[in-house]
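> Just passing along the structure, written as structure tokens.
The values are calculated or read from the model by the stated rules, or taken from the named source; none is laboratory data. These numbers come from a predicted model, not from an experiment. For neighbour counting, all protein chains shown are included, and Cβ atoms are generated from backbone atoms with ideal geometry for every residue, glycine included.
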Amino acid sequence: MKIHEFQAKELLSNYNVPIQRGHVVYSSNEIEKTIDKVQNEFNSDAVVVKAQIHAGGRGKGGGVKFCPTTESAIESANEILGMNLITHQTGEEGKLVNQILITEALDIEKEFYFALMFDRAKNADVFIVSTEGGVDIEEVAEKTPEKIIKAWVNNDTYPLEDAINTIINSLSLNSFNDAFEIFKNIYNCYSNSDCNLLEINPLVITEDQKIIALDAKVDIDSNALFRQEKIAKFHDTSEEDPLELKASEYGLNYIKLDGNVGCMVNGAGLAMATMDIVKHHGGEPANFLDVGGAANVDTIKNGFKIILSDPNVKSVLINIFGGIVRCDRVANGVIQAVKELNLNVGVVVRLQGTNAKLAKQILDESDIELISAETIDEAAKKAVGLVS
Amino acid sequence: MSILLNKKTSILVQGITGSEGLFHAQQMLDYGSNVVCGVTPGKGGQTATENNLKVFNSIEEAQTEFSIDSTVIFVPPRFAANAILEAINQNIGLIVCISEGIPVRDMKKVKSALDNSSSTLIGPNCPGLITAEESKIGITPGFICKKGSIGILSRSGTLTYEAIDQIVNVGLGMTTAVGIGGDPIIGSSMIDILKHFADDKETKGVVMIGEIGGSMENEAAEWIKNNFNKPVVSFIAGQTAPKGKRMGHAGAIISEGSETADAKIKILKECGVSVAKTVSEIGGTMLQLIEE
């Protein structure tokens, strides 16, 4: 689960990590009051106005503005709050800015890149730092990989102390007495908050020689939210695709894509493989949808509702491997769902596994128009054929 | 012959009184698995399944009456890591965790405990394993399996079933199928399972099914090139998956270039592994290799 910069900074601040301070504004009539508050509280005439959306690339898209005067701050804040911000991560449609963060402006001497995440290959957490901060880190990794320094942490083999010393050395922070403590606090914040990712880009040294997190991007392990009650409240549903959100309410795993062949499959791996074979036969999958291990009438009905809410969908491919679930039951579920929902797109059904033959017979003999198929290959060809 | 599991392997079910645990304990018994008892904390003294298996409060208690080779875990995700840790502490040789949704931080602890133990963990977030016509631990449908010569290993549940079905339909049959799980941190890697298949005389070839995310397939490819002499057919799911989106499995997310399906397929091919172009060509590709 992604959270906003101001929420991520709140987490860091709770662990005594120095952050660029500021206040959040949700409506335009709070703007002037908040700018005044930031200027006085943090003794900074100049302020920075930052759009709070989950996507990256906000600065380049015009969602972050340095404002030397009160007037320019008011102007920028009014401009950014409520704007439709387009960045390389939002897609063409952009993202509505529902809240902005107004912060103190700092005099910066150096900018670093900092991130903490889990390295699956090494089975350890990894600090990733670079002296090239404040820029697109993927570009740095590609052009000057030697400027990216990694240090691993794992209870058994890589002690935290060693990793912190490595990054302090590589960033030449040895003269900063509080550097060790700050990195340790960031690690504790990352670990105790169940973060998948904690990125600070940039982490800065100010002209008065302080280490400060200027930005913060955090992704929380959704499976751990049951024990992170405060963080769970940070969930901003307006940042999510409405269809994906609705699907998750049904307990379905749905991801919208750009094609027109809707896919309904049980199991994540088979769902991906089904999308792939649609593409292989010249079609474009409209979505990823995993209806889970136990496909029944309700999950299929809900799956149809989600898939058909996407106006691009011109045909639906149902691919279920009935293991514990009997295919004849799934077939009856499909028939019932199609009848109740009054479908007007072609539906191709492939059921394999327990009672597959019986299921095919039920589908072939039903009075609704369904196209049955025996193999995934045949099913994908037929579903693509319906749209081309 | 088979790997990890045969009809003699004694099995305990953790979470046997829950609906999933109870249902699948019965399914395992019906398949012929040697399920001997169950554990649910606080429910010791009850019995479960049509076979009236004894339920204990802990593995330690169960071990006073039964010799236990393996355990299968059907416990809600927030308690599952502790269930695995309990099994590790009790020196259970084979631990299979079906539960999906265990926090990564909990699995880090499990992984560390596992490294300092002699236990093997399969999963979590997996269908378990099945040795055809002998025994199954987990939720794989038994009736699709037929004894034969092909080993199967996969990060995905239903794709495991799909592969079994195709391998059986082309007439090859299978030894053991192992679903290793779709999470970012799992107990046994592809290489761990390949090592077992390398040692098993009955296994003449291996189907290895991977997906986007992580680098396990790439490491397995290199390992196969240098160490594995049996034919391998691979399939990688997620060629059409967008970057940065979690595709159902917690571990199926592309965060860098080497984690895409295309990158993995390229490395597998470079290492001499046959890659099925689509999911429906897994069985046919394997048949071709074996006949050569």
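> Please find, within segment B:27-65, the residue that is farthest from B:L129 (Cα to Cα) out of those that are surrounded by fewer than 17 Cβ atoms within 10 Å (Cβ to Cβ) and either within 14 Å of another protein chain (Cβ to nearest Cβ) or touching a residue at least 40 places away in the same chain (Cβ under 8 Å) (or both).
Top of the filtered list is B:D30.
> Within segment A:183-217, count every residue that is within 14 Å of chain B (Cβ to nearest Cβ) and either in a strand (DSSP E or B) or of a type in the set (S, T, N, Q) (or both). So that I can check it myself, show each step before the final result.
Here is the first cut: in segment A:183-217, the ones within 14 Å of chain B (Cβ to nearest Cβ) are A:187-199, A:217.
Pick out the ones that are also either in a strand (DSSP E or B) or of a type in the set (S, T, N, Q) (or both) and you get A:188, A:191-193, A:195-199, A:217.
Number satisfying all stated conditions: 10.
> Mind checking which residues of segment A:225-261 are touching a strand residue (DSSP E or B) at 6+ places or on another chain (Cβ under 6 Å), within 12 Å of chain B (Cβ to nearest Cβ) and of a type outside the set (K, R)? Break it down into steps so the answer makes sense when it comes.
First, the residues of segment A:225-261 that are touching a strand residue (DSSP E or B) at 6+ places or on another chain (Cβ under 6 Å): A:231, A:241, A:243-244, A:247, A:253-257, A:259, A:261.
Then keep just the ones that are within 12 Å of chain B (Cβ to nearest Cβ); that gives A:241, A:244, A:247, A:253-257, A:259, A:261.
Across segment A:225-261, the qualifying residues are A:D241, A:E244, A:A247, A:N253, A:Y254, A:I255, A:L257, A:G259, A:V261.
> Collect the residues in segment A:363-378 that are facing another protein chain (nearest Cβ under 10 Å) and charged (D, E, K, R), keeping them in residue-number order.
A:D377, A:E378 - these are the residues of segment A:363-378 that are facing another protein chain (nearest Cβ under 10 Å) and charged (D, E, K, R).
> Still on this structure, please answer the following. Could you pull out the residue among B:T140, B:T176 that is within 11 Å of another protein chain (Cβ to nearest Cβ) and either modelled with pLDDT under 95 or under 29 Å from B:L85 (Cβ atoms) (or both)?
None of the other options fit; the residue is B:T140.
> For A:E284, work out the one condition from (1) at the interface with chain B (Cβ under 10 Å from one of its Cβ atoms); (2) surrounded by fewer than 22 Cβ atoms within 10 Å (Cβ to Cβ); (3) closer than 18 Å to A:E369 by Cα it doesn't fulfil.
So the condition that A:E284 fails would be (3).
> On to the next question. Working only within segment B:184-210, note down all residues that are within 12 Å of chain A (Cβ to nearest Cβ) and out of contact with any Asp or Glu (no Cβ under 8 Å at 6 or more places or on another chain).
B:P184, B:I185, B:I186, B:G187, B:I209
> Considering only segment B:251-270, state which residues are out of contact with any Ser or Thr (no Cβ under 7 Å at 6 or more places or on another chain) and more than 9 Å from B:G213 (Cα to Cα).
If the condition is that a residue be out of contact with any Ser or Thr (no Cβ under 7 Å at 6 or more places or on another chain) and more than 9 Å from B:G213 (Cα to Cα), then B:G257, B:D262, B:A263, B:K264, B:I265, B:K266, B:I267, B:K269, B:E270 are the ones that fit.
> Right, something else. So if I check each of A:A356, A:A331, which one is within 13 Å of chain B (Cβ to nearest Cβ), of a type in the set (G, A, S) and touching a residue at least 24 places away in the same chain (Cβ under 8 Å)?
Within the list A:A356, A:A331, the selection yields A:A356.
> Would you check if there is a residue in segment A:188-201 being farther than 29 Å from B:F79 by Cβ and at pLDDT below 95?
yes
> Turning to a different aspect of this structure: Which one is surrounded by the fewest Cβ atoms within 10 Å (Cβ to Cβ), of the residues in segment A:60-90 that are touching a Gly at 6+ places or on another chain (Cβ under 9 Å) and in a loop (DSSP other than H, G, I, E, B)?
Per the stated criteria, the residue is A:H88.
> State yes or no: is B:S156 in contact with a helix residue (DSSP H, G or I) (Cβ under 9 Å, 6 or more places away or on another chain), at the interface with chain A (Cβ under 8 Å from one of its Cβ atoms) and among the hydroxyl-bearing types (S, T, Y)?
Taking the combined requirement at face value, the residue satisfies it.
> For segment A:256-276, how many residues meet the condition of being closer than 19 Å to A:G323 by Cα, among the β-branched types (V, I, T) and either at pLDDT 95 or above or part of a helix (DSSP H, G or I) (or both)?
Selection size over segment A:256-276: 1.
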